[in-house]
1. Put +1 on the Cβ of each Lys and Arg and -1 on the Cβ of each Asp and Glu in the chain; which of Gly370, Gly332, Ile205 then has its Cα farthest toward the positive end of the dipole?
2. Relative contact order for the range 101-256 using alpha-carbon pairs under 8 Å, separation at least 6, rounded to a whole percent?
3. Each residue of the range 15-26 in order: what ³J(HN,Hα) in whole Hz does its phi give by Karplus 6.51 cos²θ - 1.76 cosθ + 1.60, θ = phi - 60°, with x for Gly and Pro?
4. Evaluate the distance, in nm, between pseudo-label points positioned 7 Å from the Cα of Val72 and of Ala331 along their respective Cα→Cβ axes.
5. Sort out for me the Cα centre separation of the range 332-377 from the range 152-199, rounded to whole Å.
6. Nearest 0.05, what FRET efficiency do Ala25 and Glu261 give at R0 = 56 Å with Cβ-Cβ as r?
7. Work through the residues other than Leu83 whose Cβ is under 9 Å from its Cβ and net out their charges, Lys, Arg +1 and Asp, Glu -1.
8. For His243, which sequence-distant residues (separation of 5 or more, or a different chain) have an amide H within less than 5 Å of its own amide H, given hydrogens modelled in the peptide plane?
Amino acid sequence: MAADGVAPETVLRLLHEAGSPGTMAVMGGRFFGGVIGGSLPVTVAAHWLADAWDQNACLYEISPVSAYLEEVVLGWLIRLFRLPANSGGALVTGTQMADVTALAAARHALLRTLGWDVESEGLFGAPPISVIVGDEVHATMLKALALLGFGRARVHRVPVDNQGRMLPARIPKVDGPVVICAQLGNVNSGACDPLRDICDVAKPIGAWVHVDGAFGLWAAVAPKRRHLVLGLEQADSWATDGHKWLNTPQDCGIAIVRDKEALRQAMAITAAYYGPLSKREPMQWCPDSSRRARAVELWAALRTLGRSGIAAQVERTCRHASTFAEGLREAGHEILNEVVLNQVLVSFGSDEQTERVIARVQQDGTCWCGGTVWKGRKAMRISVSSWATTEDDVEKSIRAMGKAYEETCPAHRHDTF
Ligand SMILES: *Cc1c(COP(=O)(O)O)cnc(C)c1O
């Protein structure tokens, strides 16, 4: 750390010269590594505008525009996903924190029914809550549960089918209050848990059903994919984000809770200067106090795309995923998952061969894909989630993958030379 500063222009030049080469080209159309998505240009501009305003989106009085837009976008999202109209919500950093937020509401509601005020009394000595997850639960959900005192290892893990979907018939019968965490959009296969069947098991036992729909929830908007999320409106809380499939900049999580009052009670904070509660005060609904105005870019994305634009973005990226699967299959490679959404898992033969192809694809730089392990086998994972990806990008990338295979597959080299 230097004792004296330098001119802002110098600082920016240093950042650009030293920093830009160290970035991943997520904004291009050929980044397929994980469901990260690009950012729609309008959302980047909206983010800049919000930064220039430097609003603290904690209270209505402190930033009317932030508080107002937050209310507007939450209302729009509830309608967009066709969730119960009176649900409450919060904007947070990502889906993981949206899980934390929604599950804090679940914890509040379930324990309140048993006469336990968890925000006042804490969890020590509280009646135990059982938590049920699918065996393919996302790691961030386990972290969310850990943060709330539910314990990672305390959860009941339900077996899944060959696509990673929870098997509702295998949900254990447990006594006392229960939270069931379902998942829409397996981060490897893209598969969605059968929500309707899960809710059929959950409702008679009074379980709270929470949905981790980081990207899968957006399937609800595309008519051809909506069948994957049937039963959505029967759940009790939902977590998703704008930074993946909607294509806003990072740091844009969304929690929605049917029992609005439970969310409000779980997040309540009191101080003379935090009232009056005649308006929706953002900080009374989320874990944060001072916070940025992420509703601004969310509003910009939703207003620019509209319902039809979002549906088209989801459908187009899913179609690109199918093109990848068809092209790679035609070239003789094995697709390991049913391509129902935007995820493709491909094996190039042995685990070692697949690893070599992934390394060569990354080195070549035409596109970027990472690796994963699916049902014990190494796979290259292709996630199509950017607005910028075109058919040409997909064709170019399939060719680059084919070339990477030819260059690294020993058997093929033997044939050729
Ligand atoms: C990405 C993802 C998350 C975590 O979302 P963040 O926004 O990174 O916190 C949770 N669940 C699933 C299924 C995901 O794909």
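1. The residue sitting farthest along the positive end of the dipole is Ile205.
2. 19 percent
3. Going residue by residue, I get 4, 5, 5, 8, x, 4, x, x, 9, 8, 7, 5 Hz, with x marking Gly and Pro.
4. The modelled label-to-label distance comes out at 4.5 nm.
5. Value for the Cα centre distance between the two parts: 26 Å.
6. Computed FRET efficiency for Ala25 and Glu261: 0.80.
7. +2
8. Thr248, Cys252
Every read-out reported here was derived from the displayed coordinates using simple, explicitly stated rules and does not represent laboratory data. These numbers were taken from a predicted model, which means no experiment stands behind them. Here Cβ is always computed from backbone atoms with ideal geometry, including for glycine, and neighbour counts include all displayed protein chains.
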